[in-house]
1. Among the residues of the stretch 225-248, which ones are within 30 Å of Lys391 (Cα to Cα) and not in a helix (DSSP H, G or I)?
2. Between Glu99, Glu25, which is of a type outside the set (Val, Ile, Thr) and free of Cβ contacts under 8 Å to residues at least 40 places away in the same chain?
3. Might you check whether a residue that is closer than 28 Å to Glu728 by Cβ and touching a residue at least 12 places away in the same chain (Cβ under 8 Å) occurs anywhere in the stretch 123-133?
4. If you check Thr240 against the conditions, is it in the same structural domain as Asp361 (by TED's automatic domain parsing), crowded, with 20+ Cβ neighbours inside 10 Å, in contact (Cβ under 8 Å) with a residue 12 or more places away in the chain and touching a strand residue (DSSP E or B) at 6+ places or on another chain (Cβ under 9 Å)?
5. Could you grab me the full set of residues in the stretch 598-630 that are under 30 Å from Leu423 (Cα atoms) and touching a residue at least 60 places away in the same chain (Cβ under 8 Å)?
6. For the stretch 112-140, name all the residues that are out of contact with any helix residue (DSSP H, G or I) (no Cβ under 8 Å at 6 or more places or on another chain) and under 14 Å from Glu161 (Cα atoms).
7. Looking only at strands (runs of 3 or more DSSP E) that fall completely inside the stretch 438-517, which ones have 2 or more residues that are touching a helix residue (DSSP H, G or I) at 6+ places or on another chain (Cβ under 8 Å), closer than 30 Å to Leu713 by Cβ and modelled with pLDDT of 75 or more?
Amino acid sequence: MKETNIATASLPQQCRPAVKELLKEIYGYTDFRDFEVYNDLSSGKDKLKISQGQLIEEVIEESEKSMKTDSVYNFLLTAPTGAGKSLLFQLPAIYLGQEYKLLTIVISPLKALIVDQVENLRDLGYEKVSYASSDLSPEEKNEAYRQVREGETDLFYLSPELLLAYDIKHFIGDRRIGLIVVDEAHTVTTWGKEFRVDYWFLGRHLDNLKKNLGYAFPVFALTATAVWNPRGGNDMVFETIRSLRIDPCRLFVGTVKRENIGFDIRLLTIEEDENYDKAKQRVIIGRTDDFLDEHKTIMYYPFAGSIDTRIKMWVRSTNWRLVSSYYGKKDKAQKAAIVEAFKEGDKRMIIATKAFGMGIDISDIDRVYHVAPSSTFVDYIQEIGRAARDKSIKGIAATDFHERDFYFMKRLHSAGAITQNQLGMILKKLWEIYLMKGKSKEMQVSLSDFEFAVKLPRKQNKLEYESDLGQVIKTALLWIEEDLSSRFGGQPIEINSRTLFTDGYVQEKTGDTAFRETYKKFMTPVVGAEGIYKVSFEALWESCFSEMGYREFKRDLYNGNLFEGVRAAAVGKHEVLLKEDAGDICTKLASLLKRLKDLLTVSLYGNKGKFEEDDLRSIFAEYDMDVPSAKRFLSSLLESRVEEGRSVSYISSTKKKDEDKLVFTVTRGFDLLLSRYQKLCSQRITGVKGDLLLFYTTPFSDLNMLLNLLSMLNVVDFTVEGGVPSVEVTVNMPEVLEKEVTSEAYKNFVLENNEKIFLEQIELFQLFFGNTSLDDEQRWEFIEDYFTGMNVEEMKKKYSPLG
């Protein structure tokens, strides 16, 4: 990697006069601000000051160079909140638009962040700025795209999801891109692996963008927090460079220290008549009384579901009017009203999940309190950095720490965890699809092909379920891609995200000729399949339903409500390979379901519905399924069905006390479901070993689940086309896939490294919160050490209370 340190980057001495004039004209500043960066972390922590103007000039020069050559540098800057990062890309964008009519696209992860920056620029009198996000109506988005295409916008803010969803010409027409900015770039590596997987596709998308457009442009990535640790497994700086594919890159690592933020960290003492929860409640009530007295506070709590209850427990009723909750599921209007009330001082405290903060430009917050440690130490530094953006204010980061606090962290970590066993099943399924598709090097692979491998509760809202499924499956596939590439070199497989729509299928059961005639430009009847049409969904949406948003269009398509007066819905094409004769398959399933029914019935009437993992072992052993596979089969069979417009579940589970085993509880009604699958199998699974069956069925239907169950029993292989989103998989080294699939047990190093990092995060928080003798200076030194590459073992030696 051709990473270039500042010491050898030869920054310009100053910015050109025309840009300085824009600084005064638009922002009202007469001069640029200086900020501190490390000179060369590979050789020490020496710092130097550079001017915003120097970096702005460097960015402009690279953009100008891109108009003449494909050889341009990219940029990655880390600098603390309040360093003026937005000016560093906004001013080049304004200049490049004014001077060369070049377009700058800013890719930003949060809608609040986008709206805030756009409105601030418009308030300053700059009008050639606009944005597009999923919150806008189709008409508003189309108007924003028109302004970009016709040159009325030079600075265009866009969410990663929208950028990845369409061909770039959809947004920009014939405009030339001069600069692409990735704001809050730490989300590429943190959220890309945990939260919104599409960010992980961003780098390869930008790479393809340059190839398709036929010219280069610099990419400028910025963030407040990124760990520099090229020798360790927790590096974020170089992983961001790799993930965004911005080599060659000029790297500017700013100091992380915030001079005007101090710490108030205490150890929670549980008194004789208290348990942990009571002690926590006692100290937080004391904290809120203090915080509500002339302070403005963010209080971070990990779980959205119980925040509103906690307010009633932690805040005296006379102060409820001063406090509000904030979490992801609140609607747009609620969130906007809460932020405005907090900004104006009508609310003095927000009790929030991590959803609150990034992009909320409120300068007078002076207290940030953590009920429990954040998901990672980097998140913690991001969150406390939201205090005291106004440098004249003294901010305080506070917490009352107890070892039991890690319960929250561990619960959040385990909730979305992907297991080695699941990754092994997904890899095996990928190989089966490769064989079924005739060893085709390039394949479209439906996400529902892998549904059996993950345990996700069904939801009444199919789009939410699809989104959850996509997050898990795409993450797993990308981890497999990274693992195989690391161990075997090259790219044994490549995963690429598809656009919003792939071509799919619609089923219309009434034979309505008017329907066929109306949409014949977009639908082709499938030969031999009555009422089934191959559909270009994107063309259909843009030509016939453009007034609808994407989610609304897809929801109605799934539910059969899109076409007025006609019951027609999206279906997936399921190709099913029988690995045994159909009669034997149905007999095997019937036998298993009968044994399960006997176990569940005895449990229901003899043991209050309870049974244990060991009870499954004897039943599933003869089907060559271990206990984890048995649990997955049972959960898929009985958990979270959507019936008659409501979500129901016939089984639940809890961990046995002091054992890593589950106790299951079954409820009445399961027998009807078992009978339904047995009957469905005998009706739809016909033929002999080696036959290929073809079904068209709605996404996440009972037939789709039956095929997943039979796949787990290893009696069928199946693939799905259309109906749900897919990814593009390129198999470059099939011998590597075959080797891993046939090995005893596949182990994914990405998962192993993530687990190691998670345990290290706990150790970091234990050190940071557990040593109450550290003063503010020492705590910032601790933070700097971690962010500049000191490993956890070295930090334990330096900062242990016993050291």
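The values are calculated or read from the model by the stated rules, or taken from the named source; none is laboratory data. Computed from a prediction, not measured in an experiment: that's the story for all the values here. Heads up, the Cβs are rebuilt from the backbone with ideal geometry, glycines too, and the neighbour counts pull from every protein chain shown.
1. If the condition is that a residue be within 30 Å of Lys391 (Cα to Cα) and not in a helix (DSSP H, G or I), then Thr225, Ala226, Val227, Trp228, Asn229, Asp235, Met236 are the ones that fit.
2. Details: Glu99 fails: free of Cβ contacts under 8 Å to residues at least 40 places away in the same chain.
Being of a type outside the set (Val, Ile, Thr) and free of Cβ contacts under 8 Å to residues at least 40 places away in the same chain holds for just one of Glu99, Glu25, which is Glu25.
3. Taking the stretch 123-133 first, the residues closer than 28 Å to Glu728 by Cβ are 132-133.
This time we only want the ones that are touching a residue at least 12 places away in the same chain (Cβ under 8 Å), so: 132-133.
Yes.
4. On the way: in the same structural domain as Asp361 (by TED's automatic domain parsing): no; crowded, with 20+ Cβ neighbours inside 10 Å: yes; in contact (Cβ under 8 Å) with a residue 12 or more places away in the chain: yes; touching a strand residue (DSSP E or B) at 6+ places or on another chain (Cβ under 9 Å): yes.
In short, no.
5. Leu600, Tyr623, Asp624, Met625, Pro628, Ser629 - these are the residues of the stretch 598-630 that are under 30 Å from Leu423 (Cα atoms) and touching a residue at least 60 places away in the same chain (Cβ under 8 Å).
6. Ile114
7. Numbers: elements: 442-446, 493-497, 504-508.
Those strands (runs of 3 or more DSSP E) span 442-446, 493-497.
Rundown of residues vs (1) part of a loop (DSSP other than H, G, I, E, B); (2) modelled with pLDDT of 85 or more; (3) of a type outside the set (A, V, I, L, M, F, W, C), yes/no style:
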{"position": "Gly305", "(1), (2), (3)": "no, no, yes"}
{"position": "Asp308", "(1), (2), (3)": "no, yes, yes"}
{"position": "Ile311", "(1), (2), (3)": "no, yes, no"}
{"position": "Thr318", "(1), (2), (3)": "no, yes, yes"}
{"position": "Gly328", "(1), (2), (3)": "yes, no, yes"}
{"position": "Phe356", "(1), (2), (3)": "yes, no, no"}
{"position": "Tyr369", "(1), (2), (3)": "no, yes, yes"}
{"position": "Ser375", "(1), (2), (3)": "yes, yes, yes"}
{"position": "Asp379", "(1), (2), (3)": "no, yes, yes"}
